[in-house]
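S.K.: My structure is below; once you've seen it, I'll send some questions.
Only the coordinates and a few stated rules stand behind these numbers; no lab work does. Remember, predicted model here, so these are calculated numbers, not experimental data. With ideal geometry, Cβ positions are generated from the backbone for all residues, glycine too; neighbour counts draw on all protein chains shown.
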Ligand SMILES: Nc1ncnc2c1ncn2[C@@H]1O[C@H](COP(=O)(O)OP(=O)(O)OP(=O)(O)O)[C@@H](O)[C@H]1O
Ligand SMILES: [Mg+2]
């Protein structure tokens, strides 16, 4: 009985990791498409929207099913709780990827202003956070997430600086307004993705130790 | 634990002949709360439960060391009267064991032994106890029928009424639902929830979901030791000890 349940939990974990990797991939690919102004690559991200939604529904159902049939406790309960949060976070990250991909075609007409400012750098930091949070879930290694608070601060600071820089370009030339507004929005989406990475990290911490922490 | 303790054990060891069945068990049982004891078969749950009203005294070759207090009084002190102790600490067993007498007599028996003679007084105790045990409505028309004609779940509630009739402070229950169907079990569980208003309940159960549902505190025992005891929510959400974690998630052995 317990053995069958634990085998099912392993399967749930593998499937959830697959979904997390898809969400992360959509975000990474969207940012790459933005940097390279590659409409085709951007379209390939948008095309995976349905797939990640289906994964979310299927995995959530799997979790509810396991809860109803096994009434999990202690570590098993915390694992499923964390998994549910990771599923939601992965969907959101994937969706932000899709939203960024949709922006790509809006600003194909001209080269980027100021090489996209700090957006590529910010995206690298955010995606590293997503990777480490997911890897911590996979490997139970809390060291991967122990500096999330300061990494999140850096991401927030970058968003703020992109905002201020964007405003400057808009004031210099009103023709920049539409383009810079998109940049500011992208920075905002990336910051939200870092928040989701922090949420995942908080839940991994809970899964491992039973303690609730808050990462700002 | 924050709640005031009614029973406290301090370093209790117990041997059946050469075999040690309890090893330095120190536990506080909070008053007016439900405490459950869980753990694998043979870990000493029933033995510990029987310590609380000295039922182990009835078994040959039992040796106990350490201290057990009820209301701050040592239950092994020479001044403690075992009959009074067992009146204060009642017990309900795994298999319902009504006397082969009428329903009325089953409940009236205890108070009679303790000197209640007045018929009106006995009637009152019987009705109150049966009401308290949530079985009154089912038996009030047939109080003079044999208790053996009741269903298993009804018999178990009758046994609880019998225990309540002598106004105990603590009620010990050793797997009280293991021979009952889910509906009868639910009735007993609801009853336990209400009993804690007036009594302290200690329940041994193999059913972890039941322990989680009915108890405020849970103690986990393993090989004669109390490994961990704490608020039920904490034990089932994030136990401190890995052994407890492994047991309640079925990763044992
Ligand atoms: N009367 C007895 N004489 C000798 N050994 C006993 C006696 N009663 C219990 N034991 C032993 O003491 C140990 C603890 O028994 P106990 O009945 O307390 O376990 P338990 O946790 O209640 O188990 P179960 O869940 O199976 O009821 C066991 O090894 C058992 O064999
Ligand atoms: Mg037993």
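S.K.: Give me a single rounded figure for A:4-12: the average over its residues of other chain Cβ atoms within 10 Å of their Cβ. It would help to have the intermediate numbers written out before the result.
M.R.: Working: counts 0, 2, 3, 0, 0, 1, 0, 0, 0.
The per-residue average across the peptide is 1.
S.K.: In nanometres, what is the gap between the two model label sites at residue A:65 and residue B:213, each 7 Å from Cα along Cα-to-Cβ?
M.R.: Modelled inter-label distance: 2.5 nm.
S.K.: Among DSSP beta bridges lying fully in the protein assembly as shown, give the percent that are antiparallel, nearest 5. Write out the running numbers ahead of the final one.
M.R.: Working: 25 of 42 bridges.
Around 60 percent antiparallel, to the nearest 5.
S.K.: Taking only Cα atoms and a 10 Å spring cutoff, compute GNM fluctuations for chain B and point out the largest among B:95, B:187, B:19.
M.R.: For chain B, modelled as a Gaussian network with Cα springs under 10 Å, the answer is B:19.
S.K.: I'd like the FRET efficiency for residue B:72 and residue B:198, computed as 1/(1 + (r/R0)^6) with the beta carbon distance as r and R0 of 25 Å, rounded to 0.05. Mind showing how you got there, number by number?
M.R.: Working: r = 20 Å, r/R0 = 0.80.
Once the sixth-power term is evaluated, E becomes 0.80.
S.K.: While we're looking at this one, here's another question. Using a Gaussian network model on chain A with a 10 Å cutoff between Cα atoms, which of A:140, A:153, A:173 fluctuates the most?
M.R.: Looking only at A:140, A:153, A:173, the biggest GNM fluctuation is shown by A:173.
S.K.: Okay, next question. Take peptides B:117-129, B:75-87, B:160-172 and line them up by average Cβ neighbours within 10 Å, highest first, as a rough protection proxy. Walk me through the numbers on the way to the answer.
M.R.: Working: B:117-129: 14.5, B:75-87: 12.8, B:160-172: 23.2.
Those peptides, ordered most packed to least, come out B:160-172, B:117-129, B:75-87.
S.K.: Given the DSSP H assignment, sum -39500 (n - 2.57) over each helix run of at least 4 residues in chain B and divide by its residue total; what's the result at 222 nm in deg cm²/dmol, nearest 500? Could you put the intermediate results ahead of the total?
M.R.: On the way: 10 runs with 90 residues, N = 253.
When only DSSP H runs of four or more count, the value is -10000 deg cm²/dmol.
S.K.: Please give the FRET efficiency for residue B:41 paired with residue B:142, using the beta carbon to beta carbon distance and R0 = 30 Å, rounded to the nearest 0.05. Don't skip to the end; give the middle numbers.
M.R.: Details: r = 38 Å, r/R0 = 1.26.
The pair residue B:41/residue B:142 has a calculated efficiency of 0.20.
S.K.: Sort all Cα-Cα distances of the stretch A:2-209 into consecutive 10 angstrom bins from zero, then give the percent of pairs in each bin up to the one containing the longest distance.
M.R.: 9, 33, 31, 18, 8, 2, 0
S.K.: Let me ask another. Taking the Cα-to-Cβ direction at residue A:102 and at residue B:81 and moving 7 Å from each Cα, how far apart do the two end points lie in nm?
M.R.: Calculated label separation equals 8.3 nm.
S.K.: Another question, then. Of B:71, B:145, B:60, which has the largest mean-square fluctuation in a 10 Å C-alpha GNM of chain B?
M.R.: Of B:71, B:145, B:60, the most mobile in the Gaussian network model is B:60.
S.K.: Per-residue Cβ counts within 10 Å, from other chains only, averaged over A:61-74: what number is that?
M.R.: Values: counts 0, 0, 0, 0, 0, 0, 0, 0, 0, 2, 4, 4, 13, 14.
Partner-chain Cβ atoms within 10 Å, mean over residues of A:61-74: 3.
S.K.: Here's another thing I want to ask about it. I'd like the mean, over residues of B:239-249, of how many other protein chain beta carbons sit within 10 Å of each residue's own Cβ.
M.R.: Working: counts 4, 1, 0, 1, 0, 1, 6, 2, 2, 6, 13.
That works out to 3 on average.
S.K.: Shape of the protein assembly as shown from its Cα gyration tensor (a ≥ b ≥ c, root eigenvalues): rounded if a/c is under 1.5, otherwise prolate when a/b > b/c, or oblate? List each step's numbers first, then the result.
M.R.: Values: a/c = 3.49, a/b = 2.85, b/c = 1.23.
Verdict is prolate for the protein assembly as shown.
S.K.: Could you tell me what percent of the DSSP beta bridges with both partners in chain B are antiparallel, to the nearest 5?
M.R.: Working: 25 of 42 bridges.
Around 60 percent of the beta bridges assigned by DSSP in chain B are antiparallel ones.
S.K.: Modelling each spin label as a point 7 Å along the Cα-to-Cβ direction, I'd like the residue B:3/residue B:101 distance in nm, to one decimal.
M.R.: 3.3
S.K.: Show that you can apply the helix-only estimate: for chain A, add -39,500 (n - 2.57) for every DSSP H stretch of four or more residues, divide by all residues, and state [θ] at 222 nm to the nearest 500.
M.R.: Details: 7 runs with 175 residues, N = 216.
-28500 deg cm²/dmol, from helical runs alone.
S.K.: Further, regarding this structure: Largest first and in whole Å, what are the equivalent-ellipsoid semi-axes of chain B based on the Cα gyration tensor, each being the root of 5 times an eigenvalue?
M.R.: Working: eigenvalues 188, 93, 51 Å².
Three semi-axes, in Å: 31, 22, 16.
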